[in-house]
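Inspection log for the structure reproduced underneath, given as structure tokens.
Computed from the coordinates by the stated procedures, all read-outs in this text should not be read as laboratory data. Every value quoted in this text rests on a predicted model; they were computed, and no experiment measured them.
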Amino acid sequence: MSASLVRATVRAVNKRKLLPTRTALTLTPAAVSKIRLLLQEKPEYIGLKVGVRTRGCNGLTYTLEYTMNKEKSDEEVLQDGVRVFIEKKAQLTLLGTEMDFVESKLSSEFIFNNPNIKGTCGCGESFNI
């Protein structure tokens, strides 16, 4: 069982040198802190699950949900004590991606800095690969 979480924005990364990594997804310190805070408020959940859905004007969009368990096909990213699970359908779209959390006066959101994206919509919520 999972519950919807927060808004996420996608950013295409141009001219970024990819560094070899063992995980599909890297979390920034800001993302780790926010995930830790969210999970402290909901102790019945073990982590966040990142998925991808067909939606928006550009094809795909990421989803974030709380999760109580790891599905057999989920890939687990464990970083600095927080757990993020990646649904099978989203695993290839996330390779080399950095997940950040940004807060401003008007919004707070997770940002996926993804070097694999070929295009995004104007609002940044949907993308294509």
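Its relative contact order, with pairs defined as Cα atoms under 8 Å and 6+ residues apart, puts the stretch 53-102 at 20 percent. Segment Glu103..Thr54, full-extension length gain: 15.0 nm, with 0.36 nm per residue of separation and the alpha-carbon distance subtracted.
For the pair Glu44 and Leu95 in one chain, pulling the backbone fully straight at 0.36 nm per residue adds 15.5 nm over the alpha carbon distance.
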